[in-house]
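The values are calculated or read from the model by the stated rules, or taken from the named source; none is laboratory data. In this text the structure is predicted, and so the values were computed from the model without any measurement. Please note: Cβ atoms are built from the backbone with ideal geometry, for glycine as well, and neighbour counts cover all protein chains shown. Just the protein is used for accessible areas: all its heavy atoms, side chains included, with ligands, DNA and RNA removed. Shrake-Rupley method; radii C 1.70, N 1.55, O 1.52, S 1.80 Å.
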Amino acid sequence: RDTLFLKVGGKTDASTGLDMSTQVLSAHIPLLLHPQPQRVLVIGLGSGVTLGQAGRHPVTTLHCAEIDPAVIEGARFFKAYNDNVHEDPRTTIFAADGRNVLLASTSQYDVIISEPSNPWMAGIAYLFTQEFYQLAKQRLASGGLMAQWLQLYRISPDDVKLVLKTFHEEFPHVSVWSTLEGDLLLVGSSAPQQWTSEQLAQRMAAPAVQEG
C-alpha cells in the first residue's frame, strides 16, 4: 500500500509511514494509563490517526481542535487508517485554535492530547508554554491526564529541557515515553500515576486496542 503524507506549508505533519507509531501511541499510552477514560480532547488533527485510535477505547466523547480547515478535510484521505473518525458519532472537530477551544469550553476531559506541529514552526510555540498548560489543566477532570508530543529533531537540548521543565511545573507527576527515535510523549498529572505492568497488559489485550 502506498504511503500517504499530509503536508502543511511544505512540511510533512503526518503520514502512514514512520509517523504511524507516534500517531498510534499518542492515543493509546495516556488512554491505557487512565483507569477509566470517557472524554478525550486531541489538539491537532493531522491525519486523524490519533483521534481514531482514541476511539478504540470505550470513550463517550472524542473532541478535536484543528485550526486549519484544509487539514480537517485532508484527514478524510486517511479514513482507512483513522477508522473513518470523521463519521464516528462520538466525534466533534472544532475548526479553531486549540487554546481558544480550551478558553471557550466548559467541558472537563479525562485525557487531553496535544500534538501540534514542531515548536519551531511559526505560531506553534505558544502550545508549549506554561500559560497553555495551566489552561489545559483547568479543563482536566479529577484524575485527568495531559499528554504532550515532543519532537527531538531540529530543537536544541536546552529547548527540550525547557519544555520538560515547563510541563513539569504544571503537572508535578510526569512519565516520559519514547514512541519513535526522535519522538517523546510526556504524560502529566496532578496526582501520582498509579498503574502496574499487569494492569497495562490487561487493558492492551482488548481486541480493539490490539488491532490498532
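Data overview
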quantity: Cα-based shape type of segment 135-212, given that a ≥ b ≥ c are square roots of the gyration tensor eigenvalues and the cut on a/c is 1.5; calculated: oblate
quantity: F77, F94, F167, reordered so the largest accessible area comes first (probe 1.4 Å); calculated: F77, F94, F167
quantity: Inter-part distance where segment 1-65 and segment 190-212 are each reduced to a Cα centre, Å; calculated: 17
quantity: Selected from A136, A147, A191 as most flexible by GNM, with the chain as the system and alpha-carbon contacts under 10 Å; calculated: A191
quantity: Mean Cα-pair separation over length for the chain, i.e. relative contact order, pairs under 8 Å, 6 or more apart, %; calculated: 19
quantity: Rounded to whole Hz, the Karplus (6.51, -1.76, 1.60) HN-Hα couplings of segment 180-188, x for glycine and proline; calculated: 5, 4, x, 10, 10, 10, 8, 10, x
quantity: For D88, distant residues with modelled amide H under 5 Å away; calculated: none
quantity: For Rg/Rh (Cα atoms, Kirkwood Rh), calculated from these coordinates, the label among (i) 0.92; (ii) 0.99; (iii) 1.13; calculated: (i)
quantity: Burial order of peptide ranges 36-49, 95-108 (average beta-carbon count within 10 Å, highest first); calculated: 36-49, 95-108
quantity: Antiparallel content of DSSP bridges confined to segment 54-212, in %, to 5; calculated: 60
quantity: Listed peptides 170-182, 59-71 by packing density, highest first (mean Cβ within 10 Å); calculated: 59-71, 170-182
quantity: Helix runs (DSSP H) in the chain reaching 15 Å along axis by Cα, Kyte-Doolittle at least 1.0; calculated: 20-33
